[in-house]
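Below: one structure, written as structure tokens.
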Amino acid sequence: MQIKNKLIQHISESSKVTFETIGKIDEIFKISNFLKKKIKLKKKIFIYGNGGSFADASHFAGELIATYKNTKRNALPIILLSSNLASLTAWSNDFSFETYLLREISALSNPGDVLILISTSGGNIKKKQSVNLINVAKLAIKKKVEMICFVGKNGGEISKYAKINFFSNSTKTPIIQENQQLIFHLISEILEY
């Protein structure tokens with residue numbers, strides 16, 4: 001019975017955060033319109049997250065490069081960072097995983113490009129959480145790459161560097177990730193409209 005109650009609680013919490021998203025629809029349009037503007041200006045959009053957030057970043061990139069629903073539209077210029085495993089593992093082995101994103105953003109970005117960071121915690125230097133995200137956020141500011149951060153309720157350190165933040169109203173990783181997946185589908189829908 002205990003697991004059944006936990007599942008019911010999870011569904012209830014996830015549903016609550018999902019329902020609250022209705023009140024954030026203007027924020028979703030703001031993000032989508034910002035991305036549309038950057039796409040029209042021929043800017044690159046980079047995306048990254050760690051762990052489950054990397055999987056979500058990959059999924060979101062797939063929706064935008066391949067297709068969400070509209071099979072007739074052009075691919076959108078989104079680049080999943082750390083997808084070159086040879087470079088990632090070489091740099092991480094020889095130097096540091098925490099600095100690999102710096103290498104990619106240094107090589108690939110130009111002023112006015114966009115960096116989307118996805119994180120449930122938002123990073124915390126003292127706790128050594130998502131230090132790579134904090135590092136790349138600082139570099140993005142120096143390189144004039146504009147950031148959108150999708151984070152949990154607390155926002156963490158990366159939210160301080162973002163042009164736009166979207167906060168999922170939870171501190172629980174699974175609930176945050178489920179809400180972020182919904183947001184990515186809504187943005188995909190808008191970008192295809």
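The numbers here are math on the coordinates, done by the rules we state, and not lab data. Note that the structure is predicted; figures quoted are calculated from it, not measured. Neighbour counts are summed over all protein chains in view; Cβ atoms, including those assigned to glycine, are modelled from backbone coordinates with ideal geometry.
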All aspartates and glutamates inside 20 Å of residue 142 as judged from Cα atoms, apart from same-chain residues fewer than 8 positions distant: 98, 104, 113, 157
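Rank the residues 87, 82, 168 as a footprinting-exposure proxy: fewest other Cβ atoms within 10 Å of their Cβ go first. Walk me through the numbers on the way to the answer.
Numbers: 87 14, 82 21, 168 24.
The order, fewest Cβ neighbours first, is 87, 82, 168.
Using a Förster distance of 25 angstrom, determine the FRET efficiency expected from the C-beta separation of residue 193 and residue 89, and round it to 0.05.
Step by step, r from the Cβ atoms, then E = 0.05.
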Reachable aspartates and glutamates, given that their alpha-carbon falls under 16 Å from the alpha-carbon of residue 4 and they are not under 8 places away in the same chain: 13
Radius of gyration and maximum dimension Dmax of the stretch 93-193, Cα, Å: 14.0, 45
Local electrostatic count at residue 189 - Lys and Arg +1, Asp and Glu -1, tallied over other residues with Cβ under 11 Å: -1
Cα-based radius of gyration of the chain once divided by 2.2 N^0.38 Å, which approximates compact folds: 1.03
Mean-position separation - Cα centroids, the stretch 128-170 and the stretch 40-80, in angstrom: 18 Å
Beta bridge orientation in the chain: antiparallel %, DSSP, nearest 5: 5 percent
Spin-label model distance (nm) - residue 143 vs residue 2, 7 Å beyond Cα toward Cβ: 4.8 nm
Percent RCO, i.e. relative contact order, over the stretch 2-192, from Cα pairs under 8 Å lying at least 6 residues apart: 24 percent
Chain lengthening between residue 172 and residue 99 when straightened (0.36 nm per residue, less Cα-Cα): 23.6 nm
Subset of 38/143; 16/127; 44/143; 38/144 violating a 23 Å alpha-carbon distance limit: 16/127
Extreme residue, positive dipole direction of the stretch 2-192, given options 125, 7, 145 (C-beta unit charges): 145
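Place a +1 charge on the Cβ of each Lys and Arg in the chain and a -1 charge on the Cβ of each Asp and Glu, then give the dipole magnitude about the Cα centre in debye, rounded to the nearest 20.
Details: 27 positive and 15 negative charges, 96 e Å.
Computed about the Cα centre, the dipole is about 460 debye.
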